Amino acid sequence: MSAPYLGVLLTAAVVGLFASAPGAVLARRIGYGIALASSLLLLAVAIATLATGPVHGIAWTGPLGDPESLQLDGLSAFFALAASLVWTATSAYSIFYDDRRSPGLAICYGLTLGAIALLVSASSFLLFLIGWEIMTLASYGMILQATGRGDRVFSAAFVFLAFGEASTLLVLIAVAAFHVLSGGFLEGPVSGAGALTSLVFVAALLGFGLKMGVAPFHLSEWLPIAHSSAPSNASAVLSSTLTLAGAYGLFRVVSDLGSPPAWWGGLMLAIGAISVLLGALFASVSEHTKGLPAYSTIENNGLILVALGVALLAEANGLTELAVFALFAAFFQAIAHAVAKTALFLSAGYVEHATGTFDLSAVAGGAKRSDPGETAGTLAAALSLAAAPPLAGFVSEWMILESLFQSYRFSSPEAQFLGLLAGAAVALAAGLIVVAMVKFVGFALLWKPSPGATAPRAAGLGTTVGVVGGILVGLGVGAPWILTGIAPGVSAFAHAAVAVPVGGLLAVPDGWSIVSGSPFGILSPPVVPIAIGIASVVAWGYFRLGGGRRTRTVEPWMAGSPPGRPGETYTSFGYSTGIRIMLRSILRTREVRASVGPVTEAGLATPVPYNVDLEVLDVFKLFYDDLVAATAAVSDAFKVAIMPGRLGRYLAYILLVTLAVVVYVAVAA
Amino acid sequence: MTRSGWEVETGDDPPVEDGKRALAYRADDGALALYNDYERFRSIVRTPKAPGAGGVRPAPVPGAHALAEAAEVAGYGTFTFPYGPISAGVPEAGKFEVRTYGERVLGLVPVGGFKSRSVPASVVGLPVADAGLRVERIAGNLSASHVSAFLAAVESAEGRPVPTAELYVRALAQELQRLYNHVRQIARVAEAAAQNVGLAQMHALGEEILRLQGSVFGHRWMFGALLPGGPTRRVEPADRDRIEHALGRIEAEFGALWSLLLESRTFVDRLQSTAPLSKESAISSGAVGPTLRASGVGWDDRLRAPTPPYTDLFVSLPNETAGDALARILVRGAEIQASLVILEQLFDRWPAEESITEAPESPLGPGRGIARVEAPNGDLVYDVTVADGRIRRLQFRSPSTANWPAFALSMQDAVFTDFHFAFESFGLVFAETDG
Amino acid sequence: MTMFGWLGRSATRGILTTRYPDAPPSPAEAPVSAHAPEPPPGVAIAASAVNACPVRAIAPDGVDQCRCIRCARCLAQGFEFSGPVALATAARADRPDGPSATRGAGAPLARLGRSLHVFLVDVGSCNACNLEVLSIAHPQYDASRLGIFFTNSPRHADVLLVVGVPTEAMVEPLRRAYEAIPAPKAVVATGACAIRGGVFEGNAGLRSGVDEIVPVDLYVPGCPPPPVAVLDALLRLIGRERTEAPT
């Protein structure tokens, strides 16, 4: 169905997103305002697309002779919906956020948003790649916009850029190979599973996985965010929607590859499960108010891969219902994570605004209850990420676990075993992530602040967080209807109409509930809040109206000592030290002591004052450190061998390269 | 110079600086000389001071200043965890300031003074018997040792001869109390290790010892029983037979429980290498008693600085070298058996003469006396100045006071859950530290 | 293997637990000094007896059991340890209309019925009271058969059982512990020290009794009170103490 007027709106949205101009505070605010309006517009277009069908916007002929256009089908509309929800929140937040940072942030922000809007609505490789590359460069710019450009910041931004370009390279390979296969981009599934198809799959999985921050590339996710002081609105866009763009690319390519062999799903499942576990583990020991959500992003994108992996495995095993159910899980996980993570990052920005620090142990309740919107929104986001009912994250986590439970239906024992392992990893991670979220909410917002801590009220910021929290509750409670709403996206992915509900079998929304196989599992998200509500009203009525209950407020019991003296309260670091010590073989926990006192000559055990640090290490970082060192060594050798400044050697090198190209062209022709 | 069992040797011991512990030692002989060092005792003994209107201010226990420095550990996420003064794990008023980054103990400072009743200051001017009522209530579960040391110091100061039978009664009381304290300490460790049957039966055994004390001395904690002017009971032959019979039962019962406890892998595993204290640390920190003996230093006042009746008895010296909580508990278990042997010898040699303690008819000359006694938890020293039958000055160094630094050292780098095993294996008492 | 060993021991030991409060305490459970000292019957208390008492518990008109530390010096004056073991009282003899005299009428925690959770606080004792109180949980007394348990947190407690003479340093911690216990609650001052300082009465830096700091419901005399006396006091709080049958 063609609707030109929607195309115009879509184009306006893309243009609007680019329009965030640098300048004075007012100009910046106007820029963010335009971004907000454009985001709302894109949101409307995406919803309309999901409701009525694909839209086609402006069409033209590209430089390579391909027909190009901006358009949205069900799949891209779903991702546009998730992204524009995030952007609406971040843009509104940015208007209130007095970031005192380089004005260049606003333009990079607008560019990033526009680029993602472009790649989501692109109808050709070329447009997609243009969007992809603008996105990478613009977000690199955002990370660079941190206050105080120390070496560390620069290095963090550089790590981001390096991973981003590696990702582009892999995506380029995948896209080029796919072009060879089908000659199109949005054209239906290609048939046949040859080596080339597998190349496309592997390159896409690695390339887009890199953007999603899954293992073993999770360094690209946490390092730039945790090691730069990039403002929180930027972090939210990076962590929520850049990974969403990666997910979109992966979904798009996998969707177009057609009947998958079983090992694709297996590989995806394995990568996903490892990411889930690593992300949750590092989130639980993270001390950085933005690093912790960044690790959680690794976990959540791992969950998306797990769900998609189960879907592919199920399809390879001919279990269509399970495949569809897992697909719904993957879609819902994507949107639930994007929204919740936005709230968490915006909350981290609020906390930083109030306390001036990113260290959880230093925050220690500094932002306590200063804004009801902030507290409620953060709580909702954290609960959702910790998979607590009735929030969105709970529904998606339940669906993913349900589909993993049914891995016994796979025909090969390897796949069954893999499903089992992945299920254990997801369940373990669910426990660890609770530790992380309790830590974040507890120490940032609920902990009794030490005397003297003040929390300035930051107008508007908290409210935005609260609104996002409300969206999360809505997504969770209304999950059956949301799932119905996004069914066109799943249909577009599967290249087949997905009936809602699907019979009485492995089905999605069944009235008020979600059913995973008629005899298997049933969840009714709306019933949970209704039950909680009724119970609360009854309890409230009993104590309030039943009369006579006296409430006495007493100070916390600290074994008789006066509570809450500075330096005598538990730190967030101490809260998770148990995990650091228990899992020291994975976390590579290491205690570094620096003596600051004299050592007795006899070397006897007289204690001396010392400084102590308990460090954990991402083992994958060691690999990358080695890789960097090796690359530097090779480049150095190359530089010394080829480019020592001697003209003769240099000319010989050019000659050889030219000859090689000529030979290649001659042979290929 | 020899002074009532107090050997003073100057030797080549290192000088003591600002009350800090002498650190260097060369060999066992050097260590033993250290334990005989009179100057050393003077540097760690508590001087009595009457508190002002605000009472005693809680402060790190004596000798813990070096540990207080360790508690200044800095680093990201470190904090001080206050434990006490009212804590269920330590059934006494006392506090520990634990420096930590969570889970692991980086430094631990015991804080005493919460239950200081100012006994040394309050007995000044009192007759010996009245002072004794307060001294035995410094630490109720160690009353026999405190009273024996106190009386021995007074007698040494006055130069008054003591009937041998009275010394035997004191030794009987001390050894019974040693049995009780060791049994209770083992029960507390069993409790920490959740050996519930073992702990209940050990506690039952402890109650039996208390009842034996009650029936022999008229008071379950032997308060008043050893003091001049008190109702000192003659331990008649019939009484002695009864005690011997009861001790036979206790011996059999303890033997059975002890072997069952040590057969339990979970119990032994939990104690092994928990809160270790090396021989060097034990000596340099000034540890005494079972703590010292568990770290491989064979010092026991009953053997190395004996006073009658121990001069006439065979005293074995249970010794361990590992220095961990298990070693300290093993030493206690072996000492229970050794004490039973000592009690047997006491009854075999019990003197025939009358053993009635009378208040001195005419106070003997004024003077200062020092006495040391091997209390259940270690070397206890009393230093008393008497004139006209009244106390002029009293100071003492309790074994707990001596052992706090060793405990704090052993807890470094331990984890929180080691605390109770460590604490109970040391047998520390805040009551006698605070005085 | 070990488990069977324990089982065997448990089986062969038989029942150690006292029948108190269904039966009076046996001599083993209550040695002579556990009983209250009483003046020789029918004779006025002599001045020599008043002077012999080191803690001024003996006055010409009677014995203040709350002050007595059972030092047994009055035995030479014809006194005898012949009184009752269970002496818990709701009022201090020396303070007939003190703040506590009006409290403790009836059993203050009777509505708790069969379950009582006790929080033990030491505010400056010699440890004898602590150990006597704790021993009510040991096999010979087994307070849990009566529904009495020790708890590790004041938040779960019904009874604040205080031992020792309050030092200045423990005044605030004791107050905090009292505040932390939810209502309904009761306070038991256990031992001569907790009641009015015992042998340490008048020492510098000490309060003269727990009731200076928190309201006390029951005083348990003794130095230390034997376990059966502690049991009696706790049962008294819930109205289940042993009552002697009228003869």
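State yes or no: is A:Leu346 outside any loop (DSSP other than H, G, I, E, B), away from every other protein chain (no Cβ under 14 Å), open to solvent by less than 10 Å² (accessible area, probe 1.4 Å) and more than 26 Å from A:Ser516 (Cβ to Cβ)?
For A:Leu346, the condition - outside any loop (DSSP other than H, G, I, E, B), away from every other protein chain (no Cβ under 14 Å), open to solvent by less than 10 Å² (accessible area, probe 1.4 Å) and more than 26 Å from A:Ser516 (Cβ to Cβ) - is met.
Would you pick out the residues in region C:139-152 that are without any contact (Cβ under 8 Å) to a residue 40 or more places away in the chain and either within 7 Å of another protein chain (Cβ to nearest Cβ) or among the β-branched types (Val, Ile, Thr) (or both)?
Selection gives C:Thr151, C:Asn152.
Out of the residues in region B:148-181 that are assigned to a helix (DSSP H, G or I) and of a type in the set (Lys, Arg), state the one that is farthest from B:Asp241 (Cα to Cα).
Only one residue tops the list, namely B:Arg178.
How many residues are acidic (Asp, Glu) and at the interface with chain A (Cβ under 8 Å from one of its Cβ atoms) if we restrict to region B:81-121?
Looking only at that region, the number is 1.
Listed here are the residues, each with its yes/no results for (1) at pLDDT 90 or above; (2) open to solvent by 40 Å² or more (accessible area, probe 1.4 Å).
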{"residue": "A:Ala422", "(1), (2)": "yes, no"}
{"residue": "A:Val426", "(1), (2)": "yes, no"}
{"residue": "A:Ala430", "(1), (2)": "yes, no"}
{"residue": "A:Ala436", "(1), (2)": "yes, no"}
{"residue": "A:Lys439", "(1), (2)": "yes, no"}
{"residue": "A:Lys448", "(1), (2)": "no, yes"}
{"residue": "A:Thr463", "(1), (2)": "no, yes"}
{"residue": "A:Val467", "(1), (2)": "yes, yes"}
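Determine whether B:Val124 is more than 9 Å from every other protein chain (Cβ to nearest Cβ), among the hydrophobic types (A, V, I, L, M, F, W, C), crowded, with 24+ Cβ neighbours inside 10 Å and farther than 23 Å from C:Leu174 by Cβ.
Judged against the criteria, B:Val124 is not a match.
Just the residues that are open to solvent by less than 20 Å² (accessible area, probe 1.4 Å) and either among the aromatic types (Phe, Trp, Tyr) or in contact with a His (Cβ under 9 Å, 6 or more places away or on another chain) (or both), please, taken from region C:7-34.
Passing the criteria: C:Tyr20, C:Pro31, C:Ser33, C:Ala34.
Of all residues in region B:202-226, count the ones that are over 15 Å from B:Arg184 (Cα atoms), facing chain C (nearest Cβ under 8 Å) and surrounded by fewer than 23 Cβ atoms within 10 Å (Cβ to Cβ).
2
For region B:115-147, give me the residue count where each residue is closer than 20 Å to B:Phe430 by Cα and part of a helix (DSSP H, G or I).
Residues meeting the conditions: 16.
Which condition from (1) of a type in the set (A, V, I, L, M, F, W, C); (2) buried (at least 24 other Cβ atoms within 10 Å of the Cβ); (3) within 17 Å of the chain's Cα centre (by Cα) is the one that A:Leu223 breaks?
A:Leu223 satisfies all of (1) of a type in the set (A, V, I, L, M, F, W, C); (2) buried (at least 24 other Cβ atoms within 10 Å of the Cβ); (3) within 17 Å of the chain's Cα centre (by Cα) except (2).
Identify, please: which residue in region B:63-80 is more than 7 Å from chain A (Cβ to nearest Cβ) and either touching a strand residue (DSSP E or B) at 6+ places or on another chain (Cβ under 8 Å) or at pLDDT 80 or above (or both) and is, among those, surrounded by the most Cβ atoms within 10 Å (Cβ to Cβ)?
B:Ala64
With region C:153-247 as the region, which helices (runs of 4 or more DSSP H) entirely inside it contain at least 3 residues that are within 11 Å of chain B (Cβ to nearest Cβ) and either of a type outside the set (Ser, Thr, Tyr) or closer than 25 Å to B:Ser118 by Cβ (or both)?
So the answer is C:168-180.
Looking only at region C:27-58, count every residue that is at the interface with another protein chain (Cβ under 10 Å from one of its Cβ atoms) and either touching a residue at least 60 places away in the same chain (Cβ under 8 Å) or assigned to a loop (DSSP other than H, G, I, E, B) (or both) and tell me the total.
8
Pairs, please: C-beta under 6 Å, at least 6 apart or cross-chain, first residue more than 18 Å from C:Ser144 (Cα to Cα) and at the interface with chain B (Cβ under 8 Å from one of its Cβ atoms) and in region C:1-21, second assigned to a loop (DSSP other than H, G, I, E, B) and at pLDDT 80 or above?
C:Thr2/B:Ser264
I need the full set of residues from region B:159-184 which are β-branched (Val, Ile, Thr) and either surrounded by fewer than 20 Cβ atoms within 10 Å (Cβ to Cβ) or touching a strand residue (DSSP E or B) at 6+ places or on another chain (Cβ under 8 Å) (or both), in order please.
B:Val162, B:Thr164 - these are the residues of region B:159-184 that are β-branched (Val, Ile, Thr) and either surrounded by fewer than 20 Cβ atoms within 10 Å (Cβ to Cβ) or touching a strand residue (DSSP E or B) at 6+ places or on another chain (Cβ under 8 Å) (or both).
So which residues in region B:126-156 are polar (S, T, N, Q) and in contact with a Phe, Trp or Tyr (Cβ under 8 Å, 6 or more places away or on another chain), if there are any at all?
B:Asn141, B:Ser143
Of the residues that sit in region A:360-387 and are modelled with pLDDT under 85 and not in a helix (DSSP H, G or I), which one is surrounded by the fewest Cβ atoms within 10 Å (Cβ to Cβ)?
That would be A:Arg369.
Does A:Ala106 count as modelled with pLDDT under 85 and surrounded by 24 or more Cβ atoms within 10 Å (Cβ to Cβ)?
Spelling it out, A:Ala106 is indeed modelled with pLDDT under 85 and surrounded by 24 or more Cβ atoms within 10 Å (Cβ to Cβ).
State all residues of region A:301-319 that are open to solvent by 10 Å² or more (accessible area, probe 1.4 Å) and assigned to a helix (DSSP H, G or I); if no residue qualifies, say none.
Within region A:301-319, A:Glu315, A:Ala316 qualify.
The values are calculated or read from the model by the stated rules, or taken from the named source; none is laboratory data. Just so you know, these numbers come straight off a predicted model, no measurement behind them. When we count neighbours, we look across all protein chains shown, and the Cβ atoms used for this are built from the backbone with ideal geometry, even at glycine. Ligands, DNA and RNA are excluded from the accessible area calculation, which covers all protein heavy atoms including side chains. Shrake-Rupley method; radii C 1.70, N 1.55, O 1.52, S 1.80 Å.
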